[in-house]
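The values are calculated or read from the model by the stated rules, or taken from the named source; none is laboratory data. As the structure is a computational prediction, the values presented were derived from the model and not from experiment. Positions of Cβ are generated from backbone atoms using ideal geometry, with glycine treated the same way; all protein chains shown enter the neighbour counts.
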Amino acid sequence: MDRWKDTMFLLDAAGALVAPERCAACDARVPFRTVFCSACAATLTSTSTEHRDGPQALHPLASLHAPFLYGGAISAAVTRFKYEGRSELARPLAHLLLRAGPQLTSLAIDCVVPVPLHPTRLVERGFNQAALLGRLLARRLGAAFEPRALTRIKATEAQATLSREGRLRNVRGAFEARQADWLANRRVLLVDDVATTGATLAEAAIAVHAAKAHIVHAVVLARA
């Protein structure tokens, strides 16, 4: 893992020489391996891990890790990342996920699974933001990366436009495990960009549990 960290540092340094670092929220110049400029960083609000206790049928996620509350610079960066085609923001935003690194490392994760987009949405956007974040995080954790373990079988509406009840209905039954042996008896970490009600992550976790996963955790950049 240390060798991988050294390699990533060198690659990041080489990239910074070619294209200087920019704030993920406003494009201002920032120091090497800095995600936000000082003005944007001042808008960040840190948060903590949520542990879920009780039967898996009621709480399919054992824990939800989110370094920040949604708003300010995080909101601006995620909007640019997802809706303005700024896929290069995956690298700096993945660094933010690593703020939950010590907690995630203690979970002994076996595999990282990004929350999938429906094929039509994937064609429209050109990339799955959760997969870009998840690939980098899996490397950092020394875990397998399984971007095809789940599939979205239901073309849902955009969650941001719906009420809480509408979000729950919208994603119900939306996911399915492709092959149970990819997930069976494994400690799984779901990755997405933002959690609001947690409905999407919960439905994805239900599908993972149906494939006989040992336990399911989740991590996002921010929760609203």
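It is to be established whether one or more residues within segment 101-123 are touching a residue at least 60 places away in the same chain (Cβ under 8 Å), within 28 Å of GLU84 (Cβ to Cβ) and out of contact with any Leu (no Cβ under 9 Å at 6 or more places or on another chain). Checking segment 101-123: not a single residue is touching a residue at least 60 places away in the same chain (Cβ under 8 Å), within 28 Å of GLU84 (Cβ to Cβ) and out of contact with any Leu (no Cβ under 9 Å at 6 or more places or on another chain).
Candidates are the residues of segment 119-135 that are hydrophobic (A, V, I, L, M, F, W, C) and surrounded by fewer than 20 Cβ atoms within 10 Å (Cβ to Cβ); the one that is nearest to THR151 (Cα to Cα) is LEU122. Given the condition surrounded by fewer than 19 Cβ atoms within 10 Å (Cβ to Cβ), at pLDDT below 95 and assigned to a helix (DSSP H, G or I), answer yes or no: does some residue in segment 140-155 qualify? Among the residues of segment 140-155, not one is surrounded by fewer than 19 Cβ atoms within 10 Å (Cβ to Cβ), at pLDDT below 95 and assigned to a helix (DSSP H, G or I), which makes the answer no. Condition check for LEU89 on (1) at pLDDT 90 or above; (2) buried (at least 19 other Cβ atoms within 10 Å of the Cβ); (3) within 22 Å of ALA204 (Cα to Cα): one failure, at (3).
Among all positions in segment 103-124, there is no residue which is under 19 Å from VAL35 (Cα atoms), aliphatic (A, V, I, L, M) and modelled with pLDDT under 90.
Looking across segment 176-209, the residues that are part of a helix (DSSP H, G or I), touching a Leu at 6+ places or on another chain (Cβ under 9 Å) and of a type in the set (Gly, Ala, Ser) come down to ALA199, ALA202, ALA204, ALA205, ALA207.
Each row is one residue, and each column tells you yes or no for (1) among the hydroxyl-bearing types (Ser, Thr, Tyr); (2) touching a helix residue (DSSP H, G or I) at 6+ places or on another chain (Cβ under 9 Å); (3) farther than 28 Å from ILE153 by Cβ.
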position	(1), (2), (3)
SER75	yes, no, yes
ARG80	no, yes, yes
ARG86	no, yes, yes
PRO92	no, yes, yes
ALA108	no, no, yes
VAL115	no, yes, no
VAL123	no, no, no
ARG135	no, yes, no
